[in-house]
Amino acid sequence: MGKTTSKQKKEDSGLHYDVKIQSIRPEGTLRATATVNINNAFAIRGIKLMEGSKGLFVSMPSYKAGNGEYKDICFPCTSESRKDFDQAVLNAYEQALTQGHAQEQKDEQKQEGPTQGNPSQEMTM
């Protein structure tokens, strides 16, 4: 699927999230990757939308520490900012799924359209 942009803004925090979904994968635990631009001042690449036992969650870019534990490279500092960030990414993902489904339906209609009801397109044996 192509890139999708969703702009999310929370008025009281003053943060503006421009979320781009790079890829959507229908199977497996990795459902999508994303880039988020915050206030046109700070961009985060390598964000993953993962499917876990409790549903979808946002995974920040991370590295594996010496003790085997994964550490986020960058992250929201408060639970409220984490909630807002995650919601912006999840909303963009849902929008991308909706747009992708609508595009698939249009493509199917285009493929079916010319042959239905058009005798010059039909083949007889």
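Pairs under 6 Å by beta carbon, first residue of a type in the set (F, W, Y) in the range 68-90, partner assigned to a strand (DSSP E or B), six or more apart or different chains? Taking only residues 6 or more apart or on different chains, the pairs are Y70/S62; Y70/K64.
Residue check: is N67 modelled with pLDDT of 95 or more and in a loop (DSSP other than H, G, I, E, B)? Yes; evaluated as a whole, the condition is true for this residue.
Cβ separations smaller than 6 Å between residues 6+ apart or across chains give the following pairs from the range 35-64 residues that are over 14 Å from K20 (Cα atoms) and in contact (Cβ under 8 Å) with a residue 12 or more places away in the chain to residues that are in a loop (DSSP other than H, G, I, E, B) and aliphatic (A, V, I, L, M): P61/I73. Only a single criterion out of (1) on the phi < 0 side of the Ramachandran plot; (2) touching a strand residue (DSSP E or B) at 6+ places or on another chain (Cβ under 9 Å); (3) not polar (S, T, N, Q) is not satisfied by G66, namely (2). Within the range 26-52, the set of residues being under 10 Å from the mean Cα position of the chain (by Cα) and either among the hydroxyl-bearing types (S, T, Y) or at pLDDT below 95 (or both) comprises T33, T35.
Residue-level check: of (1) in a loop (DSSP other than H, G, I, E, B); (2) at pLDDT 95 or above; (3) surrounded by 14 or more Cβ atoms within 10 Å (Cβ to Cβ), D84 misses just (1).
The values are calculated or read from the model by the stated rules, or taken from the named source; none is laboratory data. The structure displayed is predicted, hence computed values, not measured ones. Ideal geometry is used to build each Cβ from the backbone, glycine not excepted, and the neighbour counts take in all protein chains shown.
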